[in-house]
Structures are given as structure tokens and as C-alpha cells.
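The values are calculated or read from the model by the stated rules, or taken from the named source; none is laboratory data. These figures come from a predicted structure and were not determined experimentally. Please note: Cβ atoms are built from the backbone with ideal geometry, for glycine as well, and neighbour counts cover all protein chains shown. Side chains are part of the model used for accessible areas, which takes the heavy atoms of the whole protein and leaves out ligands, DNA and RNA. Shrake-Rupley method; radii C 1.70, N 1.55, O 1.52, S 1.80 Å.
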Amino acid sequence: MVLRPLLFVVLYQLVGYRKKVVLLNLTRSFPSETPAQIKEKAKAFYWHLSTVFIEAVKNLSFSADALRSRITYTNPALIHELHAKGKNILLVGGHYGNWEWIARRLAAEPSIQFWFVYKPLGRPWAERWLRRWRERQGLVPVPIKEVRPRLKQFFENDSLATPVALYLGADQSPTPHSRWIVGTFLGQRTLMYQGPEELSRAYGLRPVFVGIEPLEGGKYRVRLEEAPQGWELEPSGFLMQWYMDRLSQQIFRAPSYWLWSHRRWKLDGLETQTPTT
């Protein structure tokens, strides 16, 4: 495909899209590697990013059957088994691989009310378009600030007969005014959103990690992993560290598939302050 190499040249060489951020993040996460090795990892990331952009366009007309051929779930029955036990689910993934494809594939499971939790775009026209597009894919887009009131309404209206599964990525940098804790991610001290754990504790949601394994030919294998039994009895922060450990292992195995262009550690100085409650 000619478009992919061309897009790679634009992103990596001509525009240099967030290249300083990418190189800094990689250097922090792989401190024992040489500048040449870091550069090779950066190039591999930009190649994958070019692929994601192209796949985003394909996704506009991708059929459900085509998506199933690209994404294989090793244990899709887990969601249904948890719902059969009366458990509503919090699916935690990361900005890894093609997360939009994976969310859409999960939403295709029958008899599930699938909420796609996201941070709204800054441009209203783009936000409206993306929201309508996600709805057409079978997702229920829920802006992150609406999650708590939506859950409160869900339980107050005795909606438990219709199972709900929330899907969100919790691997990005928190804001200075959000709830966060200090943990470890990719071998370094990192501020982590506390929201997923708080939601799970407050509403009895069953946390499930969405593990992603990239395969050849633009395909992915996904394995769902339940949080340890009795995790809610552990101290605050246990769940988020469990999630970060699994995501770190996944990234270290195949680093080019993670979104290195995000300023993940931009709030390092806040770790000595008291987080917002």
C-alpha cells in the first residue's frame, strides 16, 4: 500500500508529529537502550500510527464480519458469565493497537449495553460527528464527566435487567484537578487516574482488563482478564496498579503499538502534592 509509507514520511520526517515527546517517553521507559535503539522504536511507532490513521478511514465502512476477521477474542464468554452472576462490568484497556476497532468488536456481543467512555473533542463539530459515528457502530458514547450521573440513574431506575459494560482507557495523564494516585507504570513513578477504581468500588462493577496481542496482517488477539478475587478488600490504589502492571507488560512485549505521542508524565511535579478528592 503506497499510502502507508507516504503517511509515515509525513508524520515522522516532514512534520515530525510530537517527535520530541515520543523520543522522551521512549527514553524514559527504556533507559538502558542506546539513542539508535530508541530511534528505531520511534520509527516503529510512527509506522503503526500511520496504520491506525488509515484504519480509521477504513473503519467508516468496515462490516461486522470484516471486523471479526481482524479481531479474535479468546474468551468472549467471560462477559456473559459475569452478567449471568448479576455483575456489571468495567472494561479497562489502553491506547494500544487499534482501540476503536477493539471497542466496536466488544460492543458486537449480544445482549450487552456497551458504554464507550471518552473525553470529548475540543471542536464541537468534530465531537458531534464522532459521537454520531460511534453510535452507528453500536456503541453508547458517554463523556467521562457524565459517567457518574449516568451510573447513578442506571441503578436508581432498577435497570439491572439490562447488563451494562463500561469500556475506558485509563493510561493517559490525569489533569491537575482530577483524582489521582502515585503508582508505577513502565518502570517509573507515574500519576494514575483513580476514577476507574472509585467507580468499581462505589457501584460494584467487576473490573476486567482488555489484553491486546498484535498479530501479523493488521490483526489482533484479545484476552479478557478479571481482576483478582477480593481486590476490593485491598487498600486504595490496588486495582489501578494491577491494571498498570498488565498494561506495562503488554507494552514492553510490543512497544510500537502504544500511543507514545501523549505527554504521559507531564505532571511529575504533582506527585509530592495532595491529590484532589
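In segment 1-59, counting only helices (runs of 4 or more DSSP H) that sit wholly within it, the ones holding 2 or more residues that are open to solvent by 60 Å² or more (accessible area, probe 1.4 Å) and modelled with pLDDT of 90 or more span 19-29, 35-58.
Looking at segment 113-135, which of the residues that are surrounded by 14 or more Cβ atoms within 10 Å (Cβ to Cβ) and basic (Lys, Arg) is nearest to TRP101 (Cα to Cα)? Out of the qualifying residues, it is ARG134. Scanning segment 81-92 for residues that are open to solvent by 70 Å² or more (accessible area, probe 1.4 Å) and not aliphatic (A, V, I, L, M) returns GLU81, LYS85, LYS87. Taken together, VAL182, VAL208 contain a single residue that is open to solvent by less than 40 Å² (accessible area, probe 1.4 Å) and either within 21 Å of TRP115 (Cβ to Cβ) or in a strand (DSSP E or B) (or both), which is VAL208.
Out of the residues in segment 214-244 that are in a helix (DSSP H, G or I) and more than 22 Å from LEU106 (Cβ to Cβ), state the one that is most open to solvent (accessible area, probe 1.4 Å). Taking the candidates together, the pick is LEU233. Helices (runs of 4 or more DSSP H) fully within segment 88-166 that include at least 3 residues being closer than 27 Å to SER50 by Cα: 99-107, 124-136. Taking the conditions (1) part of a loop (DSSP other than H, G, I, E, B); (2) under 21 Å from LEU205 (Cβ atoms) in turn, GLU81 satisfies each one other than (1). Inside segment 245-277, residues that are open to solvent by less than 60 Å² (accessible area, probe 1.4 Å), part of a helix (DSSP H, G or I) and at pLDDT below 95 make up a count of 4.
Hey, any hits in segment 93-106 for a residue that's of a type outside the set (S, T, N, Q), open to solvent by less than 50 Å² (accessible area, probe 1.4 Å), modelled with pLDDT under 80 and on the phi < 0 side of the Ramachandran plot? Scanning segment 93-106, I find no residue that is of a type outside the set (S, T, N, Q), open to solvent by less than 50 Å² (accessible area, probe 1.4 Å), modelled with pLDDT under 80 and on the phi < 0 side of the Ramachandran plot, so the answer is no.
For segment 140-179, residues that are under 18 Å from ILE112 (Cα atoms) and either acidic (Asp, Glu) or open to solvent by less than 50 Å² (accessible area, probe 1.4 Å) (or both) total 14. Taken together, LEU7, LEU26 contain a single residue that is touching a residue at least 24 places away in the same chain (Cβ under 8 Å), over 23 Å from TRP242 (Cα atoms) and touching a helix residue (DSSP H, G or I) at 6+ places or on another chain (Cβ under 6 Å), which is LEU7. Within segment 192-208, residues that are on the phi > 0 side of the Ramachandran plot have Cβ atoms under 8 Å from residues that are surrounded by 22 or more Cβ atoms within 10 Å (Cβ to Cβ) in these pairs: GLY204/ASN88, counting only partners at least 6 apart in sequence or on another chain.
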